[in-house]
Each structure stands twice: as structure tokens, then as C-alpha cells.
Amino acid sequence: MRSGILLLFFCSVIGAIYAQQFGANPPSVKWQQLDMKEARIIFPRGLDSTAKKVAETIL
């Protein structure tokens, strides 16, 4: 019983450690948002034209 609890503990700790290594959006990315009645589009700074195309597609 005790070894089962320890195994569960170690598996959960290892899972939590690996879960934080994604890193696709570094803290230096500045986000903007385009609010519309139908949706809110959140996009990184510099992709304004792409966000507007998405907004036109939604409408």
C-alpha cells in the first residue's frame, strides 16, 4: 500500500515537471486583442492584418 502511494506521488511530480517545458509563447510576446460582438480575437503584436482577416471570416 505504501509503495503504491509513493509511486503515485512520484508519477504526479514527474508529470508536473515536464508539463512546464512547453515554452511556445515566451514572456516577451506582447498580446493584443480585437473585440467584436461575435468574438474576441487575441493575437501577438505584428499580426494585425491576420487578425483582421480572421475577423472578416467570422463576420
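The values are calculated or read from the model by the stated rules, or taken from the named source; none is laboratory data. Quick caveat, the model's predicted, so the values are computed rather than measured. Glycine gets a Cβ as well: all are built from the backbone with ideal geometry, and neighbour counts include every protein chain shown.
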Taking the stretch 35-59, which residues are among the charged types (D, E, K, R) and within 19 Å of A24 (Cα to Cα)? R45
Give all pairs with beta carbons closer than 9 Å in which a residue from the stretch 26-40 that is within 14 Å of I58 (Cβ to Cβ) meets a residue that is at pLDDT below 90; count only pairs at least 6 apart in sequence or on separate chains. M36/I58; M36/L59; E38/I58; E38/L59; A39/I58
Pick out the one residue from F43, F22, F9 that is modelled with pLDDT of 75 or more and not in a helix (DSSP H, G or I). F43
I need a count of the residues in the stretch 42-59 that are acidic (D, E) and either surrounded by 11 or more Cβ atoms within 10 Å (Cβ to Cβ) or in contact (Cβ under 8 Å) with a residue 60 or more places away in the chain (or both). 1
Just for the stretch 27-40: of the residues that are outside any loop (DSSP other than H, G, I, E, B) and of a type outside the set (K, R), which one is nearest to the chain's Cα centre (by Cα)? W31
